[in-house]
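The values are calculated or read from the model by the stated rules, or taken from the named source; none is laboratory data. Keep in mind that what you see is a predicted model, and the values were worked out from it rather than measured. Note that we place each Cβ from the backbone using ideal geometry, even for glycine, and neighbour counts take in every protein chain shown.
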């Protein structure tokens, strides 16, 4: 009888140890996810801050630019003046943040990510219009869109420059917040999503899981699709 009791006790101890270990592993993964989220949001804030610092610097130098152009024109150096203006135009295009979605947080993150994509020689086409107030928090919305854009830029970096593109659409569809990001991909043939996700390691893999967790938190829907040379992600979240 004692031996049976001892076996039961040992069995319960083993079950308890396994359960505790599983809980500990899950807890560590949650902490890792939170630390990664903090890192992403910090990086996003730094990117937005960099854009505005560049713009402030350009505004500060505005009068100097005008004096240089006037000096060229006064000496009939028209070609030099045009070249100077072309340079300024290119500089402004590289820091474009004229995104107006209706949501301040989304404006900031999209402006930042689009600017980065353009610096990577990626053609970007976007349309975004959302209500100012949403059920999804600004933090989660920024993390969601930020990760989608980071993944898109990373995918485009492995594609020839002339073939790089990102298309973004964010709006209301069927009374839900609809987010679609489509980008160029280096995969020349269709692959199963499980295979694609398994290929992603490090921050990219964590980013994919973070997207899924946010969508799950708000009882939303995420769909990923890949065709030869193209990858797309659709997200729908309740309003």
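Look through region 119-143, keep the residues that are within 21 Å of residue 230 (Cβ to Cβ) and touching a helix residue (DSSP H, G or I) at 6+ places or on another chain (Cβ under 7 Å), and return whichever of them is surrounded by the fewest Cβ atoms within 10 Å (Cβ to Cβ). Spell out how you get there, then give the answer.
Of the residues in region 119-143, the ones within 21 Å of residue 230 (Cβ to Cβ) are 120-128.
Subset that is touching a helix residue (DSSP H, G or I) at 6+ places or on another chain (Cβ under 7 Å): 120-122, 124, 126, 128.
Details: 120: 14, 121: 12, 122: 22, 124: 23, 126: 16, 128: 18.
Per the criteria, the residue is 121.
Taking region 213-239, which residues are under 21 Å from residue 172 (Cβ atoms) and in a loop (DSSP other than H, G, I, E, B)? Across region 213-239, the qualifying residues are 218, 219, 220, 239.
Where helices (runs of 4 or more DSSP H) sit wholly within region 25-126, those with at least 1 residues that are modelled with pLDDT of 65 or more and within 22 Å of residue 166 (Cβ to Cβ) occupy 78-93, 104-119. Of all residues being out of contact with any strand residue (DSSP E or B) (no Cβ under 8 Å at 6 or more places or on another chain) and more than 16 Å from residue 211 (Cα to Cα) in region 176-196, which is modelled with the lowest pLDDT? Just the residue, please. Checking each candidate, the answer is 195.
Yes or no: residue 21 touching a strand residue (DSSP E or B) at 6+ places or on another chain (Cβ under 6 Å), modelled with pLDDT of 65 or more and surrounded by 10 or more Cβ atoms within 10 Å (Cβ to Cβ)? Give the derivation first.
Numbers: touching a strand residue (DSSP E or B) at 6+ places or on another chain (Cβ under 6 Å): no; modelled with pLDDT of 65 or more: yes; surrounded by 10 or more Cβ atoms within 10 Å (Cβ to Cβ): yes.
Judged against the criteria, residue 21 is not a match.
Check region 134-144 and report whether any residue there is without any contact (Cβ under 8 Å) to a residue 60 or more places away in the chain and either in a loop (DSSP other than H, G, I, E, B) or not assigned by TED's automatic domain parsing to the domain that holds residue 182 (or both). Talk me through it step by step, then tell me what you get.
Kept after step one, since they are without any contact (Cβ under 8 Å) to a residue 60 or more places away in the chain, are these residues of region 134-144: 137-138, 141.
When the remaining residues are screened for being either in a loop (DSSP other than H, G, I, E, B) or not assigned by TED's automatic domain parsing to the domain that holds residue 182 (or both), the result is 137.
Checked against the condition, which is being without any contact (Cβ under 8 Å) to a residue 60 or more places away in the chain and either in a loop (DSSP other than H, G, I, E, B) or not assigned by TED's automatic domain parsing to the domain that holds residue 182 (or both), region 134-144 yields at least one hit.
When residue 152 is tested against (1) closer than 16 Å to residue 234 by Cα; (2) in contact with a helix residue (DSSP H, G or I) (Cβ under 6 Å, 6 or more places away or on another chain); (3) assigned to a helix (DSSP H, G or I), only condition (2) is not met.
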